[in-house]
Amino acid sequence: MLRIKSLSHRYENENLVIDDLSLEVNKGEIISILGPSGCGKTSLLRIVAGLEKPLKGEIKIDKKIVFNQTINISPEKRNLGLVVEDKALFPHLSVYKNIIFGIRKNKQQKQLAEEFLNLFKIEHLKDKFPHEISSGEQQRTALARAIITNPDILLLDEPFSALDKELKNELHEETKKIFIEKNLTVLLVTHDENESSFFSNRVFKFKDQKLLEI
Amino acid sequence: MNYLYLRTFSFWKILPTLTFVVFVSPLVIVLLSLTGDYSDNWTHLYNFVLGDYITNSIFLVLGVGLISLIIGTSSAWIITKYDFFGRRILEWALILPLAIPPYILAYTFTGLFDDYGSANEFIRWMFNLDSSFVFFPNVRNIFGAIIVFAFTLYPYIYLISRAAFLNQSKTLTDTGRILGLGGYRIFINLGLPMIRPAVIAGLMLVIMETLSDFGAVDHFAIQTFTTGIFRTWYGMYDLHTAMQLASLLLLFIIVFLVLERSSRMNAAYNSPVSNANSSSSEKLNGSKSFLCFIGCFIPIFIGFILPILELSRWAFTYNTGFFNESFFIQAKNTFLIALMASIVCTVIAFTINFSVRHTKVIFLKRINPFLSVGYGVPGLILAVGIVQMFTYLDKGIFVGFDFVLTGSLFGLLLAYLIKSYALSNSTIESGFERLSNRLDDSARVLKSSGWNLLLRVHFPLMKTSLLTSILLVMSEVVKELPATLILRPFNFDTLAVSTYIYAAEERMFEAASPAIAIVVIGLIPIIILTRMIKDSKDTPYLK
């Protein structure tokens with residue numbers, strides 16, 4: 001599903017944060033990437049999403065090249081899902097409208113929305129705005145919004161780190177169930193080793209700007 | 001960073017580039033006039049008036065700069081450091097003179113202080129004096145002009161100094177006190193030097209506004225560059241020489257503009273001490289409290305209350321004719337052109353700022369600040385440049401037609417856009433800065449980009465900034481005089497033009513209605529500014 005080959009990246013006038021990194025993720029696999037702050041794990045996720053342009057390398061999603069020396073497909077054309085730590089819900093839209101944001105051209109928009117509102121147990125919040133709901137409910141909305149588009153790969157950047165332990169455990173269980181049920185390919189970036197081992201088929205750690213399977 | 005897919009032509013790159021070309025062209029045309037021939041009129045200018053233009057302009061700048069510096073910084077210091085009677089009201093009321101354009105204060109000053117003006121009449125009535133007795137000195141001179149400019153423009157220094165004083169650590173002033181500095185010496189030796197860059201930025205704005213003015217200096221018959229440009233063009237019918245004069249003034253303005261920009265970049269020296277315990281004010285009682293009140297009240301009285309009283313007297317005297325037909329026509333013209341200019345300006349600024357954010361192309365980021373340069377350029381220079389540019393276009397492109405652009409509403413609209421873009425840009429830029437980039441990332445991954453992202457995500461979130469921008473530009477356009485005077489189409493009168501014409505004909509009572517309307521509209525940004533000062537918090541979707 002995802003194939004990264006010899007990827008390197010650096011920020012302007014800085015040392016390499018990713019150096020000659022390669023990674024293959026199969027369909028339905030959940031991969032975790034561990035590492036301390038600033039090691040390059042978020043950069044890797046942003047590069048896969050197309051939000052940052054790497055120095056060199058090749059990225060294929062579903063056998064299609066999305067980046068190499070001559071091609072750079074924009075994020076909106078990569079068919080991915082992204083959930084970040086601060087959720088980035090659109091504050092001017094209700095929960096319902098946030099969820100359907102990415103499927104505006106889908107004729108089954110209503111049915112899909114109902115299904116995902118139920119799946120994430122937020123049907124009673126559909127008319128509420130992001131600032132009117134709790135942090136856990138916001139995270140459920142963000143996950144629903146990302147998964148409803150049926151992405152080829154779901155990118156998760158520390159999605160549960162802002163939640164308290166109890167809520168985190170509850171969401172872990174439910175979310176993993178949904179990932180498996182929907183046969184999602186997931187790339188999870190986290191600094192929590194328990195979280196990575198709970199979710200993932202394989203766990204990688206950043207070492208010397210490369211990924212090391214542990 | 002530069003995305004490969006953005007290396008192609010796109011609307012998001014073309015719009016800012018095109019706007020840059022259109023905004024800068026009139027100024028380039030004015031400057032290029034220096035390389036052309038010099039007519040015989042230069043001999044006249046050189047022998048008789050150029051010296052006056054230069055000395056009067058320098059004298060004005062020095063006088064206005066000094067007085068507004070004293071008023072602006074001392075009132076900001078008093079308001080920030082002391083708690084006294086009326087402080088809460090004076091804090092925002094000190095900005096009110098910004099609503100009065102210098103030319104309106106100049107008109108009311110002559111109405112008040114001329115030999116038979118209301119102030120002298122009042123003194124004669126009060127002390128039962130002879131009708132030939134004159135108490136107040138003549139204001140129709142450069143000293144009168146200095147007072148007029150200083151008392152309408154000091155809020156620029158007040159605003160920026162107050163913000164800088166607020167950020168000053170109390171620990172530093174406390175240390176000064178322990179080291180023996182007291183009262184005004186802390187202000188002179190410590191407070192003021194620490195905010196010097198901020199003060200210079202405010203001072204440069206005051207100087208640019210002074211050099212740009214036409215209405216007030218024209219009313220007081222003072223020979224400056226702006227009146228000189230106007231007379232060379234309309235008196236000698238020599239546009240080329242007028243452009244060359246405008247170039248000289250523009251070169252001065254560019255120097256002040258560069259100084260203002262560089263000062264603003266570091267508006268206050270970085271303090272090594274934490275600002276966590278920033279200044280709390282010292283409670284004053286009795287005579288000290290009264291003195292502080294009077295000290296802050298005088299600038300508001302001269303710069304705002306006095307002209308309002310005089311305008312009200314004119315309006316009351318002119319009673320029946322206040323809202324006549326011509327007033328409504330001028331008000332309608334003013335409102336429509338101001339609305340049009342403010343909407344177009346806001347749309348351009350919104351789209352360009354979105355382009356900068358969306359494309360992340362460094363070139364666009366670099367040219368955006370240059371689009372704001374027009375704010376510091378006198379309206380008269382813009383008018384000269386636009387007339388010349390439109391003449392070239394009419395002759396070069398619209399051959400065979402009568403004048404298509406020259407004398408049309410487009411010129412006026414363009415002048416307003418160039419002059420007001422900075423207001424729109426700063427409002428919208430700060431609005432965008434408050435929106436987290438994560439929202440854009442999420443939207444793009446959810447297949448929303450370009451227009452879709454602009455209209456579905458940014459537009460709803462930026463409504464307050466967009467509305468503020470529209471109101472700010474409207475109030476600026478309503479006040480603008482010299483460019484309007486020159487570029488307005490035939491028979492198209494606005495409130496500012498009408499005030500100018502009535503005042504030029506000494507029909508002051510009739511000038512009351514348009515002048516009051518201008519002041520009322522000018523109060524809009526003041527109210528917005530006051531609200532911003534009171535409550536800097538905004539919507540819940542901040543970064």
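Full extension of the chain between B:R196 and B:Y184 gives 2.7 nm of extra length, using 0.36 nm per residue less the Cα-Cα distance. Each Cα pair under 8 Å and six or more residues apart adds its sequence gap; the mean of these over the residue count of the stretch B:37-317 is a relative contact order of 33 percent. Long hydrophobic helices in chain B, taken as whole DSSP H segments with a C-alpha length of 27 Å or more on their own axis and mean Kyte-Doolittle hydropathy at least -1.0: B:11-32, B:50-81, B:142-166, B:239-265, B:325-359, B:409-433, B:508-534.
Basic side chains Lys and Arg get +1 at the Cβ, acidic Asp and Glu get -1 at the Cβ, and with that the dipole of the stretch A:89-149 about its Cα centre reaches some 280 debye.
Here the spin labels are modelled as points 7 Å beyond Cα on the Cα-Cβ line, and at B:N491 and B:E325 they lie 1.3 nm apart.
Filter A:K53/A:K87; A:K110/A:K177; A:K60/A:K168 down to the pairs with a C-alpha to C-alpha distance above 25 Å, please. Beyond 25 Å between Cα atoms: A:K60/A:K168. Fewest-first ordering of A:K128, A:K87, B:K332 by other beta carbons within 10 Å of each residue's beta carbon gives B:K332, A:K128, A:K87.
Maximal additional length on extending the A:N106-A:K176 stretch stands at 22.6 nm, based on 0.36 nm per residue less the C-alpha distance.
Within the stretch B:329-419, report the chymotrypsin sites (Phe, Trp or Tyr not before Pro) that DSSP leaves as loop and that have at most 14 other Cβ atoms within 10 Å. Passing both the DSSP loop test and the Cβ count: B:F398, B:F401, B:F403. Ordered by the count of other Cβ atoms within 10 Å of each Cβ, fewest first, B:V64, B:V22, B:V255 give B:V255, B:V22, B:V64. So if R0 is 56 Å, what FRET efficiency would A:N118 and B:L393 give, r being the distance between their Cβ atoms, rounded to the nearest 0.05? Once rounded, the FRET efficiency stands at 0.35. With the simple model of a label 7 Å out from the Cα in the direction of the Cβ, B:L18 to A:F198 spans 5.4 nm. Largest first, the three principal axis extents of the alpha carbons in the stretch B:37-317 are 65, 57, 30 Å in whole numbers.
Applying both filters, DSSP loop and at most 10 other Cβ atoms within 10 Å, to the chymotrypsin sites (Phe, Trp or Tyr not before Pro) of the stretch B:29-117 gives B:Y116.
Please compute the length gained on full extension between B:S312 and B:W92, using 0.36 nm multiplied by the number of residues separating them and subtracting their Cα-Cα distance.
Going from the current span to full extension adds 76.9 nm.
Sorting B:D441, A:D127, A:D19 by the number of Cβ atoms found within 10 Å of their own Cβ, with the fewest placed first, yields A:D127, A:D19, B:D441. In the protein assembly as shown, the DSSP-assigned H stretches of four residues or longer account for a calculated mean residue ellipticity at 222 nm of -18500 deg cm²/dmol, using -39500 (n - 2.57) per stretch and the full residue count as denominator.
FYI, it's all coordinate maths here, none of it is from the lab. This structure is a prediction, so every number in the text was calculated from the model and none was measured. Quick reminder, even Gly has a Cβ in these numbers, built from the backbone with ideal geometry, and neighbours come from all protein chains shown.
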